[in-house]
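To start, the structure itself, in structure tokens.
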Amino acid sequence: MMYTDLEGKVVVITGASTGLGKAMALRFGNEKAKVVINYFKKDPVIDEMISQIQHAGGDAIAVQGDVTQEQDVKDLIQATASQFGRLDIMINNAGVENEVPSEELSLKDWNRVISTNLTGAFLGCREAIAYMIENKIKGSIINMSSVHEMIPWPHFVHYAASKGGIKLMSETLALEFAPKGIRINSIGPGAIDTPINAEKFSDPKLKAGVEELIPMGYIGKPEQIAAVAAWLASEESSYVTGITLFADGGMTKYPGFQAGRG
Ligand code: BGC
């Protein structure tokens, strides 16, 4: 436990059965928070996660739902309110990506990535904000962005567009709801060791190619992103809104210039 004010707080995390979502769920469990694990596909790991969180002194429930579906997101907030009685922290984490040269990218893939990463996060923000306003909660909302909200990424144009969208969506909402005391921030992870990257990082050549883009020289751990989420959710960041906190080992700092060239 690091941020004592998180004890007993209710946090919803979308896409929480794997990757960064899972790491954040476990971290909030260690902070003794009440965690709503939203998942898309059933996975036996979820039951393990719930007992791990309860063992750590927190509490958890799992709620199935597709963030691209308006009704599912409404139901997720509803289930949170009826099970835990409130909502303090909303983490819009669910995200997908796939590699395709842009001239071959299908409309289906474009829509899938935009609707999960951007529209899903919008629905999560909207429903959480409406609930927080109605219940006079000065909550914290965290959107999972990426270094690719600022770094262009060939073959991932739909992904980069979704994260660029997250940036201005979060900043706009931060401005709009600052008077209500609702803080809205993003996290911009770099290359992190999660299942989304498993194939790429299992190839030593591809892995080394990514490491070259990281000034700190190594691929991040999901726990390093969960630590940032805990801080942004806690009162320790009470005056912080509208930022993207990059946790990327320096990836956004023009690694090509590291050797003093230019
Ligand atoms: C992507 C990863 C990628 C990283 C750095 C992330 O947003 O999900 O696949 O390795 O950005 O390029």
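Keeping all protein chains in place, calculate the accessible area per residue for segment 1-84 (probe 1.4 angstrom), answer in Å².
Spelled out: the 1.4 Å probe surface of segment 1-84, per residue, equals 46 Å².
Between Rg and the Kirkwood Rh of segment 130-223, both from Cα atoms, what is the Rg to Rh ratio?
We get a ratio of 1.10 for segment 130-223.
What part of the accessible area of segment 1-132, given as a whole %, is carbon or sulfur when the probe is 1.4 angstrom?
Here it works out to 49 percent.
So for segment 177-231, averaging the separation of alpha carbon pairs under 8 Å that are six or more residues apart and normalising by length, what relative contact order in percent results?
Relative contact order for segment 177-231 comes out at 42 percent.
Where does each of L105, L213 land when they are ordered by accessible area, with a 1.4 Å probe and the largest first?
L213, L105
Provide, for q = 0.14 Å⁻¹, the log10 of I(q)/I(0) from a solvent-free Debye sum over equal Cα point scatterers in segment 57-197.
After summing over all Cα pairs, the log10 values are -0.68.
Label 7 Å along Cα→Cβ of E99; segment 110-124 residues with amide nitrogen under 19 Å?
Correct set: 110, 113.
What does the highest-first list of 79-89, 11-21 look like by mean Cβ count within 10 Å?
In decreasing order of mean packing, 79-89, 11-21 become 11-21, 79-89.
Sum -39500 (n - 2.57) across every DSSP H segment of at least 4 residues in the chain, then divide by the residue count to get the 222 nm mean residue ellipticity, nearest 500.
Computed mean residue ellipticity for the chain: -12500 deg cm²/dmol.
When all protein chains stay in place, what accessible area (Å², nearest 10, 1.4 Å probe) is found for F40?
130
Under 22 Å between alpha carbons: how many lysine pairs meet that in segment 167-224, if sequence neighbours fewer than 8 apart on the same chain are excluded?
So the count works out to 4.
Using a 1.4 angstrom probe on the protein heavy atoms only, could you order Y131, Y254, Y239 from most to least accessible area?
Listed by decreasing accessible area, they come as Y239, Y254, Y131.
Treating each Cα of the chain as an identical point scatterer and ignoring solvent, apply the Debye formula and state log10 I(q)/I(0) at q = 0.07, 0.13, 0.16 Å⁻¹.
-0.23, -0.81, -1.22
With all protein chains present, calculate the accessible area of I192 using a 1.4 Å probe and round the result to the nearest 10 Å².
Spelled out: I192, probe radius 1.4 Å, area about 10 Å².
Quick check for you: with a 1.4 Å probe and neighbouring chains kept, what is the accessible area per residue of segment 183-262, in Å²?
With the other protein chains kept in place, segment 183-262 gives 55 Å² per residue.
Can you tell me how segment 1-92 classifies by the Cα gyration tensor, rounded, prolate or oblate, using a/c under 1.5 as the rounded cut?
Taking the square roots of the gyration eigenvalues as a ≥ b ≥ c, segment 1-92 is oblate.
Roll a 1.4 Å probe over the protein heavy atoms and report the accessible area of V63 in Å², nearest 10.
So the heavy atoms of V63 present about 20 Å² to solvent.
The values are calculated or read from the model by the stated rules, or taken from the named source; none is laboratory data. What you are looking at is a predicted structure, and each value in this text was computed from that prediction instead of being measured. FYI the Cβ positions are ideal-geometry reconstructions off the backbone, even for glycines, and counts take in every protein chain you see. Side chains are part of the model used for accessible areas, which takes the heavy atoms of the whole protein and leaves out ligands, DNA and RNA. Shrake-Rupley method; radii C 1.70, N 1.55, O 1.52, S 1.80 Å.
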